[in-house]
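The values are calculated or read from the model by the stated rules, or taken from the named source; none is laboratory data. Please read all numbers here as calculations on a predicted model, not as lab measurements. All Cβ positions, glycine included, derive from the backbone under ideal geometry; neighbour counts span all protein chains shown. Quick note on the areas: whole protein, heavy atoms, side chains included, nothing else; ligands and nucleic acids left out. Shrake-Rupley method; radii C 1.70, N 1.55, O 1.52, S 1.80 Å.
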Number of protein chains: 2
Amino acid sequence: MPYPDASLEAIDTICNNAWMAFHEFRLMSLKRRADFMRAIARRLDNADAALLKTAMEETHLPEARLRSEKTRTVFQLTSYAAACERGAWLDARIDTTHTDKNTVIPDLRKTLTPLGPVVVFGASNFPFAYSTAGGDTACAFAAGCPVIVKGHPAHAATSQMVADIILEAARETNMPEHVFAHVHGSSFEVGKALVEHPRVKAVGFTGSFAGGKQLWDWANARPEPIPVFSEMGSINPVFLFPEKLKNATKEIAEMYAASVTTSVGQFCTNPGLIVGVESKELDQFIELLGEGIAQTPPAAMLHPGIAKAYAEKRQTALSQQSVTEVAESRNTSEGAQGIATIATAPASAFLSNPVLHQEVFGPYSIVVRCADLTEMHLLVLKLEGQLTASLMATEQDILHNPALVESIKNIAGRFIMNGVPTGVTVALSMQHGGPFPATTDSRFSAVGADGIKRFARPVCYQGWPDSLLPDELKNANPLGIWRTVNDVLTREAIQ
Amino acid sequence: MPYPDASLEAIDTICNNAWMAFHEFRLMSLKRRADFMRAIARRLDNADAALLKTAMEETHLPEARLRSEKTRTVFQLTSYAAACERGAWLDARIDTTHTDKNTVIPDLRKTLTPLGPVVVFGASNFPFAYSTAGGDTACAFAAGCPVIVKGHPAHAATSQMVADIILEAARETNMPEHVFAHVHGSSFEVGKALVEHPRVKAVGFTGSFAGGKQLWDWANARPEPIPVFSEMGSINPVFLFPEKLKNATKEIAEMYAASVTTSVGQFCTNPGLIVGVESKELDQFIELLGEGIAQTPPAAMLHPGIAKAYAEKRQTALSQQSVTEVAESRNTSEGAQGIATIATAPASAFLSNPVLHQEVFGPYSIVVRCADLTEMHLLVLKLEGQLTASLMATEQDILHNPALVESIKNIAGRFIMNGVPTGVTVALSMQHGGPFPATTDSRFSAVGADGIKRFARPVCYQGWPDSLLPDELKNANPLGIWRTVNDVLTREAIQ
C-alpha cells in the first residue's frame, strides 16, 4: 500500500490548518483567487505524459478519454475563475439609506462570504474533472474556501500528482499556507473524521448513493450541522413518445446504444431506463438497440470494486420477475468485465418492484413497456428524483401531453429533448443536481459556475461607511460588477 | 378549546390536495402569482378592527405594534409580488447552441421551478409578519408552491382569520383549489405528520431552537429528505469598541436599553449579549444601561408559556457563577411578567460556561467584561452562529482591529455598525439567516425577496424548441426580465 490512510491526528492538524488559512484566504480579492485557479489550470494543462500514464494504469480509462477529461478540468478551472472575477455570483444587493414616514431606513448592502474549509470527496469515474482539482475544488476556491481533498483510493497516485500541482500553484501565486491539503484514506474512518471535524464547514461529494448519504447523515448529526452537496447519480430515464419513435426508430436506437455504453457506462448520467408504449415501433427499437449492444464488446471497468458491483447488480436486475434479457455483448469470454446489457420488462413489473428503480452503474439499461401514455404517466409519478430526464418527442407529442411532460420535468434537474443525458456541458446554464436521491439538495448544481454558491452564504452590512465596505459593495463599484441597487440591476457607481 | 387539532386523516387529505394544486399552480405565470399575493395584501390591508382586536387579545401586543406589523405584512406581500413579477430571482441563464472543435454544444437554458407544497410554521411573536400570510407564505407562493400553514396555537383565532383572507383572495384570483390550507395543532403530532408527509417538499419555520431543530431532524429522517429553513433566533451580540464607547457612552446605553426592551424583548434580533473592555467608560455604560432598564416597567408577554420560559431562563442565567445582576424593572409587583433585566459577568465566566451563550427570550441582556480586545477576540471565536452581530465602533476602532472585525463578521448573517439589531428592514439587501444554530441553512434568508429561493430549484432545458420553452427562457424574452445569455447579463431578445 503506497499511500497509507491519514491518521486521526494528521486529520485534526490538517483541518485546524485549513481553518487558519481560511482567515487569510477569504480576504483575498476575486482576482487573486482567480489567478490561483488559473495557475492550477496552466500547470495541469502542461502536466506531462506521466500524469496520463498513471491515470490510465489506475482507472483503465483510455488515453483519449483521460486527455479530454483533463482538458475539461482545465476549462472548468479557467471558466469558474472568470466567473469568480466577473463577480455576478456574489449577487451584490444595495439598498441605500432613506427616510420612510419619518423613520430612517439604514443603508443595507449584501454580498456573499465563504462558509469555511470544504472537504471534497472525488469520484472514481472522473479522476480529473470531479476529483482533486475538479469542479467542487474549483467552486470552493472561487468562493474563498480552503479545500481538503480526500483522494479516491482507486486513483490515489493520480490524485497525489494533481494535489502536488495545486500546491505548486498555491506557492506560485502566494496563497496562504494550507489553503489546500490532500489526504489518503481507504477506510471510512478517514471520511468520517473529516466530515465531523468542527473546523470543516461544508462537503462536496460525487459517487454512490450509499457513500453520499452516509456523509450527509454524519454532517447532520454534528453539534453544528454543515451543508453537504452529494451528487449520487441516478438512472436518467428516457421517454419515447409515439410519433417521434415512429419517425426515428433507428436513429434513436443508435443514439442510445452509444449513450448506454460510452466509457463502459460509467457516467452518473448514463441512461439506465428507457420507457416506451407497446407498439411494433417499440419492438423494432428494442431489437435495434439490442443489436447495437450486442456489437459492443465488454471492457475493463474503473476498478475491481465497480466491476464486481456491476456484475452483481446486473445479475440481480436480470433475475427479477418479468424481466427479460434482450441482448448482451457478443462472444464474451470467461470473467470479462463490463458486459453491455439490455433488458426489458412490462411497466407493471417496474411499478411493483423498487429493485428495478435502482441504478446499475455500468453499460446496462432496461426498456420498460407501457400499455399506453396513461401508464407511462403512472410510472413517472412513481419515479425517484433524477439528475436528468429525456424526451424523445415531436412538438406534437409534447403539445398533446402537457401533464405528462410537466410530471417528467418535476423529477429532474436537466430536462432534455431529443438528446442523450451523457455529455454534461460546463456552462452557467447547466444544472447538475436533481431532487433526492439524485443529490442531497436540488437547489444547487455541481457543474457550472453556479456551483460556487454551494460554498458561500450572504452577509448583510448595515450602516457601514463606504471606505470600510468590501470592494464589491463600495459606492464607486471598483470591481465593475453587476449589482442590484434599490431593486435595479446596474453596473453604475452610486452617487 | 375552540380549534381542535387536525386529525391525521385530515392532514393526509390536505397534503394530497396541496400536491394536486401544485400541478396547476406551478404553471401559472409570475403575473398571476403576483396578482394573488396582491389580492391577499389588499384584503389584509382592509381587514377591519375585529382582526386587530383578536390579535391583541391573543398576543397581548399593543394595537400600534400590531397595526404596524400588519402594514409590514402587506408590504412584504406586495414587494415580494413585485420581485416575483420582475423575474430576476429566476436567475435565468441561456447558453445558445454552438460548435466547439467539431462538437455541437446543445442549447441550454436554466430557470427555477418550485419544489412543491410547503408547510409553514408561524412565529408566536409575529402573528402577522411571520405567520399565516407572513414572509414564508409569501415567498412560497412567489416560487409557485402551494402552502399549508400550521397556525400557532397562541394566536389560533388570528391565524384562522388571516387564513380566511388568503382563501378569499385565492377564489377572487381564480387560483387552483387547495393552493392554500390552514390547520390547527397544539400537539407535536400535527407538526410531525405535516413534515413527514411524502407530498410535502419543504418547510419554513420561525421560533425556538428546540422546535426548529426538531422539524429539521424529522425532515432529514424521511426516506426523501426535504429542505427545512428554520429561523431559530440568537443572542445577537453587540461589541463595544473602546474609542466609540468613550465618545458616546450615554447614547449607546440609551439605544441599547430601548433595543433590549422593545416589545418586551420578544424579537429574534433582541441583543442578549453586550461585550466590552474593562474601563471606567464600560462601568459608566453598565450603570446607564441599568438605569434605563430599571425605568422600564414589566409587561405582559405573548403567552403564558413564553412568560414562564422567560422567568425560568432569566433565573437560571442570573444564578450562574460570577454573574451579577445590575438592574431590573423597578417596583415590580408579585407575579409580574417580562421583568426587564441587565446582568454582568467577566469574560472568563462566559468563556467557560455555555449556559451563558443561550438565548433568554425576553427583555434580558448580559454585559460581558473583557480584560482587553484579545480576550474579546477569544470570546468571539467561542460564539455560536448568530442572526446578527453589531459593532459600536469608530473607523479607527475598525482599522486597528481587522482580524477581530473579520472574526465577528464570520459568525453572523447581518453585520451592523453603530446600530441596533432590532428592526429588520424588508429589502432585497436584507439577510435574515445566519450560521447554525441561528438558522438551519445560512445560505438562505427569511426576509427579503431572496427568501423565494428557499422554495425553488434550478431546472435546465436542453435542446428545446423555442415555442415549447417557458416564457422566461424564450428567445424573444416576452417577460422582459434580466437574463445571463452566453455569460452576459442582458434584457435583450436573442436573435
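Just a few scattered comments:
- Close amide H contacts of B:ILE494 (hydrogens built in the peptide plane, cut-off under 5 Å, sequence separation of 5 or more or a different chain): B:ALA476, B:ASN477.
- With all protein chains kept in place, the per residue accessible area of segment A:421-488 amounts to 24 square angstrom at a probe of 1.4 angstrom.
- For chain B, relative contact order (Cα pairs under 8 Å, six or more residues apart, normalised by length) works out to 18 percent.
- Considering helices alone, the calculated mean residue ellipticity of chain B at 222 nm is -12500 deg cm²/dmol, with DSSP H runs of length four and up weighted by -39500 (n - 2.57) and normalised per residue.
- Across segment B:488-495, rounded Karplus estimates of 3J(HN,Hα) from the backbone phi angles (6.51 cos²θ - 1.76 cosθ + 1.60, θ = phi - 60°) give 10, 6, 7, 10, 6, 6, 9, 6 Hz, Gly and Pro being marked x.
- A Cβ-based charge dipole, computed about the Cα centre of chain B with Lys and Arg at +1 and Asp and Glu at -1, lands at about 860 debye.
- Contact-buried residues of segment B:94-128, at a threshold of 50 Å² lost accessible area versus the chain by itself: B:LEU108, B:LYS110 (1.4 Å probe; DNA, RNA and ligands ignored).
- A simple charge model with +1 on the Cβ of Lys and Arg, -1 on the Cβ of Asp and Glu and nothing else charged puts the dipole of segment B:415-487 at about 160 debye relative to its Cα centre.
- Reported to the nearest whole Å, the Cα centre-to-centre distance from segment A:376-410 to segment B:458-495 is 21.
- Separation of alpha-carbon centers, segment B:163-218 and segment B:99-137, rounded to whole Å: 16 Å
- Largest to smallest accessible area among A:HIS60, A:HIS432 [probe 1.4 Å]: A:HIS60, A:HIS432
- When chain B is turned onto chain A, its residue with the beta carbon nearest the axis, and that distance in whole angstrom, is B:ASN220, 3.
- Charge sum, other residues only, whose C-beta stays under 9 Å from B:GLY362's C-beta, Lys/Arg counted +1 and Asp/Glu -1: +2
- Interchain or long-range residues, amide H under 5 Å from A:ILE416's placed H: A:ALA389, A:SER390, A:LEU391, B:GLN462
- Surface composition of segment B:97-238: carbon plus sulfur atoms hold 55% of the accessible area, using a 1.4 angstrom probe and ignoring ligands, DNA and RNA.
- One chain, two ends: B:GLN321 and B:THR13. Fully extended at 0.36 nm per residue, the span grows by 105.6 nm beyond their Cα-Cα distance.
- Across identical copies of the chain, B:PRO465 has label-point separations of 6.3 nm, listed in ascending order, with the point defined 7 angstrom from Cα along Cα→Cβ.
- Label-point spacing at B:ASP283 relative to the other copies reads 10.0 nm, in ascending order, each point sitting 7 Å out from Cα along Cα→Cβ.
- Other protein chain C-beta atoms within 10 Å of residue C-beta, averaged over A:270-282: 0.
- Protein-only accessible surface order, largest first, of A:PHE239, A:PHE126 at 1.4 Å: A:PHE126, A:PHE239
- Kyte-Doolittle mean at least -1.0 and Cα axial length at least 27 Å: DSSP H helices in chain A: A:63-86
- Relative contact order (%) - criterion: Cα under 8 Å, at least six apart; region: segment B:238-417: 29 percent
- For the pair A and B, total buried accessible area rounded to nearest 100 Å², probe 1.4 Å: 6400 Å²
- Structure note, pairs A:LYS110/B:LYS382; A:LYS201/B:LYS201; A:LYS313/B:LYS192; A:LYS250/B:LYS474; A:LYS409/B:LYS474; A:LYS53/A:LYS308: Cα-Cα distances above 28 angstrom occur for A:LYS313/B:LYS192; A:LYS250/B:LYS474.
- Amide H contacts of A:VAL147 (H built 1.01 Å from N, under 5 Å, at least 5 apart or other chain): A:VAL118, A:PHE180, A:ALA181
- Net dipole in debye of segment B:238-417 [+1 Lys, Arg Cβ; -1 Asp, Glu Cβ; about Cα centre; nearest 20]: 360 debye
- Selection among B:GLN320, B:VAL149, B:VAL355 by position relative to the dipole of chain B gives B:VAL149 as farthest towards the positive end (Cβ unit charges, Cα centre).
- Normalised per residue, the accessible area of segment A:238-417 is 39 Å², obtained with a 1.4 Å probe and no contribution from ligands, DNA or RNA.
- Residue among B:THR332, A:SER263, A:THR78 farthest towards the positive dipole end of the protein assembly as shown, charges placed on Cβ: A:THR78
- In nanometers and ordered shortest first, the copy-to-copy spacing of the B:LYS308 label point, defined 7 Å from Cα toward Cβ, is 5.8.
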